[in-house]
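A.B. asks: Got a structure for you, questions after.
FYI, it's all coordinate maths here, none of it is from the lab. Just so it is clear, the structure is predicted and the values come from calculations on it, not from any experiment. With ideal geometry, Cβ positions are generated from the backbone for all residues, glycine too; neighbour counts draw on all protein chains shown.
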Amino acid sequence: MHDTAIEMAKRMLVDSIWKSANLEGLGTTFPKTEAILANAPTTTKTEEVLFVINMKRAWQFLLDNLEYSNCIMLLREFDKIVGELLFNYAGEIRTIPVQIGGTSWEPEMPHTGIIIASINEIEQIEDVELRALKYFCYIARTQMFIDGNKRVAQLMANKVLIEHNIGIFQIPIEKLEEFKGILIEFYENGNDIKIIGFMKVYCIRRIQC
């Protein structure tokens, strides 16, 4: 019996959340992530617990809404879920400047009309894997929310891959530092060729047909 992308996503849920936490600089271990999700006693920070619980809820929402169209409302809902009790204005398109760690580059102020047009453009990409990775790049670099942008970017890339039964999107722990360097480079120059090439090789876990 071969896995479907949905089954793979459910099976790899703890792993995916653990990897997302590490991308955000939280030192959460795999056993700790597992313990939080199982509601088992573990020594951890409140922020880590909220991160893990919120990501679990966001994944549940994703898997329950695979038929929902890819649009700005979906992105806002993802951000609202991942940001609950962690940061203010979760799910709201930001209206104040943000800074990004590791670079002096500052993203422009987001505009709803431009976001909607960009999503429509990405939706036209026929190559599904490329579409998923373009979503990641666009959401991560636009920084349309006060916080949670990389989490929303990962969820969106996953939704596209799962709804087309391709697999899941994850950033491998052993490639994390390399990925962060490429991401900063992409933030600064806006050229997504290198990061998309990297993600195509290392970040898509395809189901075995």
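A.B. asks: Name the residue, out of Ala157, Ala153, that is of a type in the set (Gly, Ala, Ser) and either in a loop (DSSP other than H, G, I, E, B) or under 23 Å from Glu106 (Cβ atoms) (or both).
C.D. replies: Sole residue among the options that is of a type in the set (Gly, Ala, Ser) and either in a loop (DSSP other than H, G, I, E, B) or under 23 Å from Glu106 (Cβ atoms) (or both): Ala153.
A.B. asks: Test of understanding: among Ile146, Ile168, Ile182, Ile193, which residue is closer than 18 Å to Leu62 by Cα and either buried (at least 18 other Cβ atoms within 10 Å of the Cβ) or among the aliphatic types (A, V, I, L, M) (or both)?
C.D. replies: Ile168
A.B. asks: Regarding region 138-147, can at least one residue be identified that is of a type in the set (Asp, Glu) and more than 27 Å from Leu26 (Cα to Cα)?
C.D. replies: The answer is no, given that none of the residues of region 138-147 is of a type in the set (Asp, Glu) and more than 27 Å from Leu26 (Cα to Cα).
A.B. asks: Pick out the one residue from Glu108, Glu126 that is of a type in the set (D, E, K, R) and more than 22 Å from Ile168 (Cα to Cα).
C.D. replies: Values: Glu126 fails: more than 22 Å from Ile168 (Cα to Cα).
The conditions single out Glu108.
A.B. asks: Can you name the residue in region 48-64 that is touching a Lys or Arg at 6+ places or on another chain (Cβ under 8 Å) and either touching a residue at least 60 places away in the same chain (Cβ under 8 Å) or basic (Lys, Arg) (or both) and is also surrounded by the fewest Cβ atoms within 10 Å (Cβ to Cβ) among such residues?
C.D. replies: Kept after step one, since they are touching a Lys or Arg at 6+ places or on another chain (Cβ under 8 Å), are these residues of region 48-64: 48, 55, 58, 62-63.
In the following step, the residues that additionally are either touching a residue at least 60 places away in the same chain (Cβ under 8 Å) or basic (Lys, Arg) (or both) were identified as 55, 58, 62-63.
Numbers: Met55: 24, Ala58: 26, Leu62: 21, Leu63: 15.
Among those that are touching a Lys or Arg at 6+ places or on another chain (Cβ under 8 Å) and either touching a residue at least 60 places away in the same chain (Cβ under 8 Å) or basic (Lys, Arg) (or both), it is Leu63.
A.B. asks: Let me ask you something else. Scan (1) under 30 Å from Asn120 (Cα atoms); (2) out of contact with any Ser or Thr (no Cβ under 9 Å at 6 or more places or on another chain); (3) assigned to a helix (DSSP H, G or I) for the single condition Ile53 breaks and write down its number.
C.D. replies: Checking Ile53 against (1) under 30 Å from Asn120 (Cα atoms); (2) out of contact with any Ser or Thr (no Cβ under 9 Å at 6 or more places or on another chain); (3) assigned to a helix (DSSP H, G or I), the one that fails is (1).
A.B. asks: Here's something else I'd like to know. Check Lys194, Lys159 and return the single one that is under 12 Å from the mean Cα position of the chain (by Cα) and of a type in the set (D, E, K, R).
C.D. replies: Lys159
A.B. asks: Could you say which residue among Ile184, Ile195, Ile162 is in contact with a Cys (Cβ under 7 Å, 6 or more places away or on another chain) and not in a loop (DSSP other than H, G, I, E, B)?
C.D. replies: Ile195
A.B. asks: Restricting to region 63-89, give me the number of residues that are in a loop (DSSP other than H, G, I, E, B) and more than 20 Å from Ser16 (Cβ to Cβ).
C.D. replies: Here is the first cut: in region 63-89, the ones in a loop (DSSP other than H, G, I, E, B) are 65-71, 84-89.
Next cut, more than 20 Å from Ser16 (Cβ to Cβ) only: 67, 69, 71, 85, 87-89.
The number of residues fulfilling the criteria is 7.
Here's the yes/no breakdown for (1) under 17 Å from Arg205 (Cα atoms); (2) touching a Ser or Thr at 6+ places or on another chain (Cβ under 6 Å); (3) among the aliphatic types (A, V, I, L, M):
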{"residue": "Ser69", "(1), (2), (3)": "no, no, no"}
{"residue": "Val82", "(1), (2), (3)": "no, no, yes"}
{"residue": "Met109", "(1), (2), (3)": "no, no, yes"}
{"residue": "Leu130", "(1), (2), (3)": "yes, no, yes"}
{"residue": "Asp147", "(1), (2), (3)": "no, no, no"}
{"residue": "Lys150", "(1), (2), (3)": "no, no, no"}
{"residue": "Ile166", "(1), (2), (3)": "yes, no, yes"}
{"residue": "Pro172", "(1), (2), (3)": "yes, no, no"}
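A.B. asks: Please determine, by comparing only the residues of region 77-107 that are charged (D, E, K, R) and free of Cβ contacts under 8 Å to residues at least 12 places away in the same chain, which one is nearest to Arg57 (Cα to Cα).
C.D. replies: So the residue we want is Lys80.
A.B. asks: Quick one: in region 90-115, which of the residues that are among the aliphatic types (A, V, I, L, M) and in a loop (DSSP other than H, G, I, E, B) is surrounded by the fewest Cβ atoms within 10 Å (Cβ to Cβ)?
C.D. replies: Within region 90-115, the subset among the aliphatic types (A, V, I, L, M) is 90, 93, 96, 98, 100, 109, 114-115.
Pick out the ones that are also in a loop (DSSP other than H, G, I, E, B) and you get 90, 93, 96, 98, 100, 109.
Working: Ala90: 20, Ile93: 18, Ile96: 7, Val98: 15, Ile100: 17, Met109: 14.
My answer is Ile96.
A.B. asks: State all residues of region 8-47 that are surrounded by 14 or more Cβ atoms within 10 Å (Cβ to Cβ), free of Cβ contacts under 8 Å to residues at least 12 places away in the same chain and either closer than 25 Å to Glu163 by Cα or of a type in the set (Gly, Ala, Ser) (or both); if no residue qualifies, say none.
C.D. replies: Scanning region 8-47 gives a single hit, Ala35.
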